[in-house]
Amino acid sequence: SDAQMEFDLDAVVAQTRENPVFYVQYAHARCRSVLRAAAATYDMDALASVPLGSLQDPAELALIRRMAAWPRTVEAAALAHEPHRIAFYLYDLAGDFICCGTGAGMTRSFGSFRQVMRRRPWPASLW
């Protein structure tokens with residue numbers, strides 16, 4: 001095709017939500033940070049058996065539902081030969097994770113995360 005394409009370098013390197021590559025990488029970095037902090041404080045094997053019934057915050061539940069959709073998203077993208085579905089899913093997941101981390105039900109810092117963990121009925125083996 002002979003169509004002209006405009007390339008905006010400023011948009012590509014922008015560290016904002018409008019840059020989907022940066023946004024997904026940022027969410028990944030935040031997620032890894034939470035996991036590192038949790039591993040330093042909690043028994044991760046015991047954490048895997050925490051009952052999820054006490055989760056009631058809408059942001060937490062939306063994040064869990066989005067993560068549960070991953071296998072179906074991959075399958076649908078493969079069957080339809082539409083790899084962009086994966087990119088859209090990751091962008092939406094990043095948004096859910098970041099919103100969950102800044103909402104009232106979740107926390108911004110690990111210190112506050114500890115307070116949330118103490119309020120929930122987790123097994124004593126986590127501590």
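All of the numbers you see were taken from the coordinates with simple rules; none came from a lab. Being a predicted model, the structure only gives us computed values, none of them experimental. Cβ sites come from the backbone with ideal geometry, for glycine too, and all protein chains shown count toward neighbours.
With a cap of 10 neighbouring Cβ atoms within 10 Å, and only residues DSSP puts in a loop, list the GluC sites (Glu not before Pro) found in the range 3-101.
6, 18
Could you tell me what % of all Cα pairs in the range 12-72 have separations over 16 Å?
66
In sequence order, what are the phi-derived ³J(HN,Hα) couplings for the range 31-36 according to the Karplus relation 6.51 cos²θ - 1.76 cosθ + 1.60 with θ = phi - 60°, rounded to whole Hz, with x for glycine and proline?
4, 4, 5, 4, 5, 4
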